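> This is the structure, below, for whatever I ask next.
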Amino acid sequence: MAHDKLRENGKGPTDVFKDKALRTDAPALSGIGDLMGGSSALAVNAKIIELQKQGHPIINCTIGDLGGEGIATPRAIIAATASALAMGKTRYTPIQGIPELREAIAKQFAENEGVNYDPNTEILTSTGGRTPIFLAIWALCKQNESVIVPTPAFIAYEQLINLCRVGCHRVDTKQSGYKLTPEAFEKAILDAENAWRPAKMLIINTPGNPTGVVYSRQELKPLMEIALENGIVVMYDQMYKTFIFNGEKHFNVAAFNDAAKNWTVVIDGLSKSCAMTGLRLGYALGNKTIIAEMAKVQGMAIGHSPSVVQWGGLEAFNGATLGDEKSLFDEFKKRRDFVLSRLGKMREEFGVSHAHLDGGFYALVNFPLVGKTYRNGDGKEIGIKGAKDVASFLVSEAQVAVIPVTEFSYPDEDGAVRISYGAVDVKQLGEAFDRIETVLRKVA
Ligand SMILES: Cc1ncc(COP(=O)(O)O)c(C=O)c1O
């Protein structure tokens, strides 16, 4: 026995452990993180919070969260969550979520979106909206297939596609007003086929992050037809459906007909609509075979959304929060109109351009800075080559933090940045635009 031998040499098992404990190297990683690619957004955010704590007056327009004067999770949701806790509803629930919640979701979809879902088999509640995005890709796509992603797009799409080792087929939508056209969709299907990774899924996000686009029913119809003709599943992400400002009514593609419903996985949730990003309640709706497969993975790897959050979230469907939600919409409409008018003025003075601000709470803006130079605080001349440089110029010179378009599966040279007005109110936005105008004058 090895231990006996060691004892003969005067070393016991504890000594052996001590020898091993001397190693200073770290275990090798699987490499999964590299596969996903980097996202600097969270790191940037941590940096901003640190700078703010140190007293730097940074206005944070980076986050996809909700905040600012008067914005809070509806009281009825908080009360129901707290009461579920007090009543001891703190144990496992069904993986798909409590039946009461699934029934409430089904009722809302039938009444508001004209699609009937069976709450027992066609709805999966989950830990926020991004978990079902991941589960749907995982459940549906093989490694020799690809997902078509109109870009710029929510960064998690591409990273989760990579994580599933599936192909990500980006389609640049800038020239068509940041919307996927039927022609571009057909071309992407052919290109993916020619690259030996046929398309299995198309992601449509409306209202869009970071583009602010809202697809109309007429625009969606040909896209859905092409998807069905080619056997492509549509992942329809409508997380921002309660924030539509252009008068368009939100339309769910699953409502076209039964075939469309069967070939669509709808992603939705309460993170944005009820200002409950931290509570983690999202859901997917779709064909029962897909939902069952997603539930299988969720059950083993993730588990369900916290029990008390499900009971709290139920209130969002009971109408008790209507007053609060309405004011949430009004507040965001006010911010959006304000941002639009300030950008309009900047268009005239500086030639700033931007995507439509039809929905969501983001503005994708091109400040005409690429190719220009400025002197930083140390007197060093710095050239602005792309979106990352624009963002670092704005944070260092104007102390306004924004996210470069590179964080949305889009090339750096474009120079665009995303301004989020989700967590900053009109007063702070006014200050942010004043500061940006001041520094733009300096480089103009
Ligand atoms: C387009 C889009 N979909 C889904 C999500 C996921 O939301 P969460 O996981 O916070 O519920 C987000 C979050 O920012 C998003 O922007």
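> Take the residues in the range 160-186 that are outside any loop (DSSP other than H, G, I, E, B) and without any contact (Cβ under 8 Å) to a residue 12 or more places away in the chain, then tell me which one is nearest to M235 (Cα to Cα). Walk me through it before giving the result.
So the first thing to find is which residues in the range 160-186 are outside any loop (DSSP other than H, G, I, E, B), and the list is 160-163, 167-172, 174-176, 182-186.
Now narrow it down to the ones that are without any contact (Cβ under 8 Å) to a residue 12 or more places away in the chain: 175-176, 183.
Details: Q175: 23, S176: 21, E183: 19 Å.
Among them, the one singled out is E183.
> Would you confirm whether or not the range 196-206 contains a residue that is within 15 Å of the ligand (Cβ to nearest atom), crowded, with 23+ Cβ neighbours inside 10 Å and of a type in the set (G, A, S)?
no
> Output the qualifying pairs, or none if there are none: Cβ atoms under 9 angstrom, residues six or more apart or on different chains, first residue in the range 195-212 and farther than 13 Å from V171 by Cα and among the small types (G, A, S), second residue outside any loop (DSSP other than H, G, I, E, B) and within 10 Å of the ligand (Cβ to nearest atom).
Correct list of pairs: G208/D237; G208/Y362; G212/Y362.
> If you go through the range 277-296, how many residues are within 16 Å of the ligand (Cβ to nearest atom) and under 15 Å from C141 (Cα atoms)?
1
> For G64, indicate whether it is under 30 Å from A432 (Cα atoms) and surrounded by 19 or more Cβ atoms within 10 Å (Cβ to Cβ). Please lay out each step first, then the result.
Values: under 30 Å from A432 (Cα atoms): yes; surrounded by 19 or more Cβ atoms within 10 Å (Cβ to Cβ): yes.
In short, yes.
> Report whether or not S271 is closer than 30 Å to G70 by Cα, touching a residue at least 24 places away in the same chain (Cβ under 8 Å), among the small types (G, A, S) and more than 14 Å from the ligand (Cβ to nearest atom).
Numbers: closer than 30 Å to G70 by Cα: yes; touching a residue at least 24 places away in the same chain (Cβ under 8 Å): yes; among the small types (G, A, S): yes; more than 14 Å from the ligand (Cβ to nearest atom): no.
No.
> State whether the residues of the range 218-239 include one that is closer than 17 Å to H356 by Cβ, within 16 Å of the ligand (Cβ to nearest atom) and not hydrophobic (A, V, I, L, M, F, W, C). Walk me through it before giving the result.
Filtering the range 218-239 down to residues closer than 17 Å to H356 by Cβ leaves 218-220.
Next, from what is left, pick out any that are within 16 Å of the ligand (Cβ to nearest atom): none.
Looking for residues that are closer than 17 Å to H356 by Cβ, within 16 Å of the ligand (Cβ to nearest atom) and not hydrophobic (A, V, I, L, M, F, W, C), one finds none in the range 218-239, hence no.
> Determine if the range 390-397 includes at least one residue that is surrounded by fewer than 17 Cβ atoms within 10 Å (Cβ to Cβ) and over 24 Å from F154 (Cα atoms).
yes
> Among the strands (runs of 3 or more DSSP E) confined wholly to the range 206-322, which include 3 or more residues that are closer than 19 Å to P99 by Cα?
Numbers: elements: 233-237, 264-269, 282-285.
Qualifying strands (runs of 3 or more DSSP E): 264-269, 282-285.
> Quickly run through the range 207-238 and pick out the residues that are charged (D, E, K, R) and either in contact with a Phe, Trp or Tyr (Cβ under 6 Å, 6 or more places away or on another chain) or not assigned by TED's automatic domain parsing to the domain that holds A139 (or both).
Applying the first criterion (charged (D, E, K, R)) to the range 207-238 yields 217, 219, 221, 225, 229, 237.
If the condition is that a residue be charged (D, E, K, R) and either in contact with a Phe, Trp or Tyr (Cβ under 6 Å, 6 or more places away or on another chain) or not assigned by TED's automatic domain parsing to the domain that holds A139 (or both), then R217 is the only one that fits.
The values are calculated or read from the model by the stated rules, or taken from the named source; none is laboratory data. What you see is a predicted model; the values in this text were computed from it and never measured. Reconstructed Cβ throughout: ideal geometry from the backbone, glycine too, with neighbour counts over all protein chains shown.
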